[in-house]
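The values are calculated or read from the model by the stated rules, or taken from the named source; none is laboratory data. In this text the structure is predicted, and so the values were computed from the model without any measurement. A quick note on method: Cβ atoms are made from the backbone with ideal geometry, for glycine too, and the neighbour counts reach across all protein chains shown.
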Amino acid sequence: MHRRSLFKRTLLSGLGMLSVGQHAWAAIGEANQARPKRLVVIFLRGAVDGLSIVVPYADPGYYSARSSIAIDKPGHDEGALDLDGQFGLHPALSPLMPFWQAGKLAFVQASGSNDATRSHFDAQDFMESGTPGNKSTPDGWLNRLLGNLPAKPGNAESPTRAVSIGAVLPRIYAGTNPVANIGSGNSATKPTLLDRPAIGDAFDKLYNKDDKLSAAYQSSKQAHAEVLESMEGHATEETMQAEMLAANNGAPLPNGFPVDATRLATLMRNDNRVQLAFMALGGWDTHARQGAGKGQLANRLSPLGQGLAALANRLGPVLDDTVVVVMSEFGRTVHENGNGGTDHGHGNVMWLLGGPVAGGKVYGHWPGLSASALYEGRDLAITTDFRQVLAEVIGPHLSVESARLQNIFPGLGDTPRNHIGVLRA
């Protein structure tokens, strides 16, 4: 690598800016006047137990299969929060109930990838590439979506049109279209070396010309200042509680989610160029001591629910133009194992949150949990392809034509499917 190019990457990475792809940096600039339609994807890595999230409490097979980890029926201590007389929400997700009652939260039960793998690596790859069973797909469906969005003045060429929160760019964003990568946690907005006056002044003098490197430096410096400024004064009750929770609970990644979710919402409110966003949360592989209304899984779900509520509340009026999708690579076994946990399964549940969502409803055909209905005799069967749900959101919400949907999810048109209707007409 040329020494000047290497120095450029080292310099700009020292700024703590928004990394775009692997080789460049982008700034958060002034917001456009027009408010775009937004899509936020939250991926739960590790295969979350959808049967404990949206509890099929009216299905007798659920309780006969889970002697110690079943969520009690509504009305009991630590019981499910009734949704529709058939399904209930895990009590740790109570912060989301106001959105259900307001018709802004929905679920799609028995959904997922029809590929039979129970490998985390393969299943996540298929869900992120959008091509189940095909390991050779080079790019991710969110990157392909970015390349198929309608062009908008001042936004189409912006590298901040798509944002990823996390240490590295995920598989779902792999591809040729630029994506802004922002660090997670409190370190994302901490002062850096170049915030020291003496060092900052020296670099200002060195890069004060009209060449591309100087322009990149000035752009990155401005971005850093604006990101810090956008967070100042926004230490809401939710973020403070989240920081305490993260410090005191010791569970994996989800405990920091409320902080990152609030920061993302602030960013989206302050910059109308941000149209797509992605975050991944780990810690859902509950092979042992999963717990029921309380326990390991509840400790994971609690900050997840807090974070989603913080995201929605902080978005404010922007939520009317935003759809949040929560998904995981596959579900878990219907029967609990000998360790008080569950193993890798098949069917799962997808979550949809936002103003455009036709909420207050559990969608999808429920196959039941009787022995004859289980996939391979052990798992919840899949009756809705996850790509169908995504296509129904992406098409009307982001104004992506049907022909372009085939570019995003190749082969989906060959799969028999029924319209679900997860968005408001």
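Taking the residues in the range 374-409 that are of a type in the set (D, E, K, R) and more than 20 Å from residue 47 (Cβ to Cβ) as candidates, determine which candidate is modelled with the highest pLDDT.
392
Please specify each residue of the range 283-299 satisfying the condition of being more than 12 Å from residue 91 (Cα to Cα) and in a helix (DSSP H, G or I).
Answer for the range 283-299, where residues must be more than 12 Å from residue 91 (Cα to Cα) and in a helix (DSSP H, G or I): just 296.
Which helices (runs of 4 or more DSSP H) sit wholly inside the range 85-175 and have at least 3 residues that are crowded, with 17+ Cβ neighbours inside 10 Å and in contact with a Leu (Cβ under 9 Å, 6 or more places away or on another chain)?
Because the criterion is at least 3 residues that are crowded, with 17+ Cβ neighbours inside 10 Å and in contact with a Leu (Cβ under 9 Å, 6 or more places away or on another chain), the helices (runs of 4 or more DSSP H) in the range 85-175 that meet it are 97-101, 141-148.
From the list 378, 417, pick out the single residue that is out of contact with any helix residue (DSSP H, G or I) (no Cβ under 7 Å at 6 or more places or on another chain), surrounded by fewer than 19 Cβ atoms within 10 Å (Cβ to Cβ) and more than 30 Å from residue 313 (Cβ to Cβ). Can you show your working first?
Working: 417 fails: out of contact with any helix residue (DSSP H, G or I) (no Cβ under 7 Å at 6 or more places or on another chain).
None of the other options fit; the residue is 378.
Looking at 180, 223, 216, which is the one that is modelled with pLDDT under 95, among the aliphatic types (A, V, I, L, M), crowded, with 16+ Cβ neighbours inside 10 Å and in contact with a Ser or Thr (Cβ under 6 Å, 6 or more places away or on another chain)? It would help to see each step written out before you state the result.
Details: 223 fails: in contact with a Ser or Thr (Cβ under 6 Å, 6 or more places away or on another chain); 216 fails: in contact with a Ser or Thr (Cβ under 6 Å, 6 or more places away or on another chain).
That would be 180, the only listed residue that is modelled with pLDDT under 95, among the aliphatic types (A, V, I, L, M), crowded, with 16+ Cβ neighbours inside 10 Å and in contact with a Ser or Thr (Cβ under 6 Å, 6 or more places away or on another chain).
So the check is Cβ under 9 Å with 6+ separation or different chains; which pairs have a first residue in the range 398-425 that's more than 16 Å from residue 113 (Cα to Cα) and a second one that's among the acidic types (Asp, Glu) and at pLDDT 95 or above?
Pairs that qualify, where the first residue is more than 16 Å from residue 113 (Cα to Cα) and the partner is among the acidic types (Asp, Glu) and at pLDDT 95 or above, are 419/392; 420/392; 421/392; 422/392; 423/392.
Is it fair to say residue 42 is at pLDDT 95 or above, farther than 18 Å from residue 363 by Cα, of a type outside the set (D, E, K, R) and surrounded by 22 or more Cβ atoms within 10 Å (Cβ to Cβ)?
Yes, satisfied.
Which of the residues belonging to the range 67-110 are of a type in the set (S, T, N, Q) and touching a Phe, Trp or Tyr at 6+ places or on another chain (Cβ under 9 Å)? Can you show your working first?
Step one: list which residues in the range 67-110 are of a type in the set (S, T, N, Q), which gives 67-68, 86, 94, 101, 109.
Answer for the range 67-110, where residues must be of a type in the set (S, T, N, Q) and touching a Phe, Trp or Tyr at 6+ places or on another chain (Cβ under 9 Å): 86, 109.
If a residue has to be of a type in the set (A, V, I, L, M, F, W, C) and surrounded by fewer than 24 Cβ atoms within 10 Å (Cβ to Cβ) to count, how many in the range 302-318 make the cut?
Qualifying residue count for the region: 2.
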